[in-house]
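Engineer: I have a structure here, written as structure tokens, and I will follow up with some questions on it.
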Amino acid sequence: MNDELQPLAWYDSGIKRVLYKGGRNDLPPYPGNKDADPAGVYFFKVDVKSPTNKDIAIGTSIYSIEAPNLALAKIMEFHGHRIFSKNGKVFIFGDYYQRRDEQWELYIFERKGQELVQVEKVVIPRPRKSPTPFYMEDLSPWADEALFNDTHDFFLYRTGLYTFNLKTHEMKKLGTKPFGGGYGFFLQCDIIKKFKEGLK
């Protein structure tokens with residue numbers, strides 16, 4: 001769904017295909033679980049196959065909901081995990097096999113006609129080297145910050161929440177997740193700032 005709450009793509013279990021607004025369809029699996037842009041504009045698939053082993057995907061393709069069969073960009077040696085669009089740019093976060101213990105990566109694109117042009121690549125170092133999951137949870141719609149989760153095996157209450165500033169590249173620890181777990185996310189606006197402005 002897009003920001004106007006209009007459905008743009010959905011899975012039809014009867015025909016086992018993904019249907020798109022406009023009549024196009026695609027074979028599953030449709031990467032709708034965190035692989036779609038929350039604004040409803042772009043999505044990605046980890047679908048670039050290895051030239052030596054067609055069963056292994058080594059790259060990620062970005063698509064537009066308007067033309068779901070046309071790859072607008074391909075990123076090699078990269079597995080996309082989250083994608084966002086705002087202010088005319090596309091942000092895709094992910095990692096790759098050999099590097100995921102140490103870092104994540106961010107690719108930033110701008111739309112140029114029928115393709116996306118890469119304008120920046122940012123390496124996001126993990127707070128600590130570890131084989132446990134380190135993943136991106138959300139991108140702020142009103143600031144240049146991304147929210148990351150650094151998990152710990154057996155001690156989930158020690159799981160750390162971090163913000164990463166896209167401009168300064170500073171990683172800042174916010175704290176740990178509650179013992180019972182939870183999901184971190186940004187609101188659509190800075191609600192405290194909005195409230196203060198309302199008081200004026």
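Nothing in this text is a laboratory measurement; each read-out follows from the coordinates by a stated rule. Worth saying up front: this structure is predicted, and the values here are computed from it rather than measured. All Cβ positions, even for glycine, are placed from backbone atoms using ideal geometry, and neighbour counts span all protein chains on display.
Engineer: Considering Cα pairs under 8 angstrom that are at least six residues apart, work out the relative contact order of the stretch 1-129 and quote it in whole percent. Can you show the working numbers first?
Structural biologist: Numbers: 273 pairs, mean separation 19.6, N = 129.
15 percent.
Engineer: Which of [x] 28, 23, 18; [y] 26, 20, 16; [z] 37, 18, 16 is the computed semi-axes √(5λ) of the Cα gyration tensor in Å for the structure on display?
Structural biologist: [x]
Engineer: Run the paramagnetic zone check for M171: 7 angstrom along Cα to Cβ, then residues of the stretch 69-102 with backbone nitrogen under 20 Å.
Structural biologist: Residues 78-83, 92-102 qualify, since their backbone N sits under 20 Å from the label point.
Engineer: Continuing with this model, one more query. Quick one: which of K74/K172; K21/K45; K86/K112; K86/K193; K16/K45; K172/K200 span more than 25 angstrom between C-alpha atoms? Could you put the intermediate results ahead of the total?
Structural biologist: Details: K74/K172 30 Å; K21/K45 18 Å; K86/K112 15 Å; K86/K193 20 Å; K16/K45 17 Å; K172/K200 31 Å.
Pairs exceeding 25 Å: K74/K172; K172/K200.
Engineer: What does the net charge come to around N69 if you take all other residues with beta carbon closer than 12 Å to its beta carbon, with K and R at +1 and D and E at -1? Working shown, then result.
Structural biologist: Working: positive: R24, K45; negative: D26, D47, E66.
Local charge sum for N69: -1.
Engineer: Same structure again: Please order Y183, Y11 by the number of other Cβ within 10 Å, starting at the fewest. Numbers along the way, then the final one.
Structural biologist: On the way: Y183 8, Y11 15.
Starting with the residue having the fewest Cβ neighbours, the order is Y183, Y11.
Engineer: Show me the ranking of peptides 68-76, 37-45 by mean Cβ neighbours inside 10 Å, starting with the highest. Before the final figure, lay out the partial values.
Structural biologist: Details: 68-76: 16.0, 37-45: 20.8.
Order by mean packing, descending: 37-45, 68-76.
Engineer: Something else now. Could you work out the helix-only [θ] at 222 nm for the chain, with each DSSP H run of four or more residues adding -39,500 (n - 2.57) and the total divided by the number of residues, to the nearest 500 deg cm²/dmol? Walk me through the intermediate numbers first.
Structural biologist: Working: 1 runs with 9 residues, N = 200.
Only helices count here, giving -1500 deg cm²/dmol.
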